[in-house]
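Student: If you scroll down you'll find the structure; I have some questions about it.
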Amino acid sequence: MSNFFRQKEKTEKEIKRDIKKSYKRVSNNLVKRLALVNPDSMTYDYLRQTAKYLEGEYKRLNKRLNKSIEKAVITTIEGYTQSQVDFYSELCKPLSTSFQDMFLKVNEIALNNIVSGKIYGDNIKLSKRLWGNHKKTIQTINDILTDGFTAKKGSKEIAKDLEAYVNPDYKQEYDKFTIHPKSKNKVEFNSYRLANTYINHAYQTAAKESAKENPFIEEIEWLSGTDSKVCKLCTERNHKRFPKDKIPLDHPLGRCTYIPVMEDDLEEIAKQLKNWVDGGSNEKLDNWFNKYDVDRR
């Protein structure tokens, strides 16, 4: 499992870099566009045209992010289910092929639940959630222009406010900005939060689905971090055991871990698996493999 969590962390870092790089590219293009006009003669109409330009840029960016996040979700689910294949195959090598077939089906179920939005109970796909972020971004950009005009700011000052919002590298604390007060986060934050949440929920969904029919697992333990960033809810859940079909998903931007709880020790589990593959009777193992239409081999 340690290999899986290293890979998950790597995936999260890669997509974070990708998101920042993508938004930085849009920011650089904005700077180039604004540089085409003398700041002292820049008109409000030109800023409105720039807002329309940014709308197209972010629309294209979202299509790219949709593919990147979906790829990260697939990588995460496949990584977790493969870790389960490796774990159980090590306990009983003759069943390696059967476990591979079983967890391939677990992988497909978990992936479908994620991409369809079924796990959230609203059946809203990732692309639609990204589109929601897109609309918020465009609304904020237009509000920056409108609010600046209403406050009788000059076009040069409004352009600087716009650049501050879209530039991921802007150093000033966002809550000190003098721009649209309803926008509490930088432009790339919603995309990063969505990507991070999808990756973590992909892992947790795969963990829940893997445990669902597993006769050796009855509960899943919630494991939270210990640093100062851990919220009150996760602190309360730390080390709490949930029935495997009732453990909740982590909140957005969560970092918590699921630990399957096995009542039998590994030696006993290996013994049961070996006896079953040799033709012994074991109803719970019959049911487990039959649920995924997989035979013992």
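Student: Give, rounded to the nearest 20 debye, the magnitude of the charge dipole that the chain has about its Cα centre when Lys and Arg contribute +1 at Cβ and Asp and Glu contribute -1 at Cβ. Write out the running numbers ahead of the final one.
Tutor: Working: 54 positive and 43 negative charges, 382 e Å.
Dipole of the chain, to the nearest 20 debye: 1840 debye.
Student: Classify the stretch 1-109 from the C-alpha gyration tensor, please: rounded if a/c falls under 1.5, else prolate or oblate depending on whether a/b exceeds b/c. Show your work: numbers first, answer last.
Tutor: Values: a/c = 8.25, a/b = 3.75, b/c = 2.20.
Verdict is prolate for the stretch 1-109.
Student: Now for a different question. Which FRET efficiency, nearest 0.05, do S68 and K105 yield, Cβ-Cβ r, R0 22 Å? Intermediate values should be presented prior to the final figure.
Tutor: On the way: r = 26 Å, r/R0 = 1.18.
Using R0 = 22 Å, I get an efficiency of 0.25.
Student: A further question follows. For labels at K52 and M262 in the simple 7 Å Cα→Cβ model, what's the distance in nm?
Tutor: Using points 7 Å along Cα→Cβ, the separation is 6.3 nm.
Student: With θ set to phi - 60° and the Karplus curve 6.51 cos²θ - 1.76 cosθ + 1.60, what are the ³J(HN,Hα) couplings of the stretch 258-271 in order, to the nearest whole Hz, using x for Gly and Pro?
Tutor: Per residue, the Karplus-derived 3J(HN,Hα) values read 9, 10, x, 9, 9, 6, 8, 6, 5, 5, 5, 5, 4, 5 Hz.
Student: Additional query: What residue among K153, K244, K229 has the largest mean-square fluctuation in a Gaussian network model of the chain, using Cα springs under 10 Å?
Tutor: Comparing K153, K244, K229 in a Gaussian network model of the chain, the most mobile one is K229.
Student: How long, wide and thick is the chain, going by the Cα atoms along their three principal axes, in whole angstroms, largest first?
Tutor: 86, 35, 31
Student: Within the stretch 7-46, name every residue whose backbone N is under 20 Å away from a label modeled 7 Å from Cα of K135 along the Cβ vector.
Tutor: Label zone hits: none.
Student: How big is D, in µm² s⁻¹, for the stretch 62-102 by Stokes-Einstein at 10 °C and 1.306 mPa s if Rh is the Kirkwood radius over C-alpha pairs? Numbers along the way, then the final one.
Tutor: Values: Rh = 11.5 Å.
Approximately 139 µm²/s, per Stokes-Einstein.
Student: Tell me, what % of the accessible area of the stretch 233-291 is carbon and sulfur with a 1.4 angstrom probe? Before the final figure, lay out the partial values.
Tutor: Numbers: 1720 of 3620 Å².
Of the solvent-accessible surface of the stretch 233-291, carbon and sulfur hold 48 percent.
Student: Which order do L130, L253 take by accessible area at a 1.4 Å probe, largest first? Numbers along the way, then the final one.
Tutor: Details: L130 5, L253 55 Å².
Output order, biggest surface exposure first: L253, L130.
Student: Oh, and also: So for the pair K59, F5, with labels modelled 7 Å out along Cα→Cβ, what separation do we get in nm?
Tutor: A separation of 4.4 nm, rounded to one decimal place.
Student: Quick check on the chain: helices-only [θ] at 222 nm, where DSSP H runs of length 4 and up contribute -39,500 (n - 2.57) each and the sum goes over total residues. Nearest 500, please.
Tutor: Details: 9 runs with 190 residues, N = 297.
That comes out to -22000 deg cm²/dmol.
Student: Ok, one more. By the gyration tensor of its Cα atoms, with a ≥ b ≥ c the square roots of the eigenvalues, what is the shape of the stretch 45-116: rounded for a/c under 1.5, prolate for a/b over b/c, or oblate?
Tutor: prolate
Student: Same structure, new question: Residues in the stretch 46-86, backbone N under 19 Å from the label point at L36 (7 Å along the Cα-to-beta-carbon vector): list them, ranges by number please.
Tutor: So the set is 46-61.
Student: Picking from Y44, Y23, Y165, which is most flexible by a Gaussian network model of the chain using Cα springs under 10 Å?
Tutor: Evaluated over the chain, the most mobile residue of the options is Y44.
Student: Continuing with this model, one more query. Per residue, what accessible area does the chain have, given a 1.4 Å probe and all protein chains present, in Å²? Intermediate results must be reported in sequence, preceding the final value.
Tutor: Values: 16260 Å² over 297 residues.
I get 55 Å² per residue for the chain.
Student: Ranked from the most accessible area to the least, with a 1.4 Å probe and all protein chains present, what is the order of S41, S83? Mind showing how you got there, number by number?
Tutor: Values: S41 70, S83 20 Å².
In descending accessible area the options line up as S41, S83.
Student: Would you mind classifying the stretch 133-174 by shape? Square roots of the alpha carbon gyration tensor eigenvalues, ordered a ≥ b ≥ c; an a/c under 1.5 is rounded, otherwise it is prolate if a/b is larger than b/c and oblate if not. If you can, show how the numbers build up before the last one.
Tutor: Details: a/c = 2.42, a/b = 1.16, b/c = 2.09.
Cα axes put the stretch 133-174 in the oblate bin.
Student: I would also like to ask the following. So if I take the centroid of the Cα atoms in the stretch 54-108 and the same for the stretch 194-222, what is the distance between those two points in Å?
Tutor: First find each Cα centre; the distance between them is then 13 Å.
Student: Also, I was wondering about something else. With each pseudo-label sitting 7 Å past Cα toward Cβ, what's the N282-Y120 distance in nm, one decimal?
Tutor: 4.0
Student: Under a 10 Å cutoff between Cα atoms, tell me which one of L36, L194, L162 has the largest fluctuation in the Gaussian network model of the chain.
Tutor: L36
Student: Give me the percent of accessible area attributable to carbon and sulfur for the stretch 46-161, probe 1.4 angstrom.
Tutor: Numbers: 3130 of 5870 Å².
About 53 percent, which is the carbon plus sulfur part of the accessible surface.
The values are calculated or read from the model by the stated rules, or taken from the named source; none is laboratory data. All of these numbers come straight from a predicted model, not from anything done at the bench. Every residue, glycine among them, receives a Cβ derived from its backbone with ideal geometry; neighbour counts consider all protein chains shown. With ligands, DNA and RNA removed, areas are computed over all heavy atoms of the protein, side chains included. Shrake-Rupley method; radii C 1.70, N 1.55, O 1.52, S 1.80 Å.
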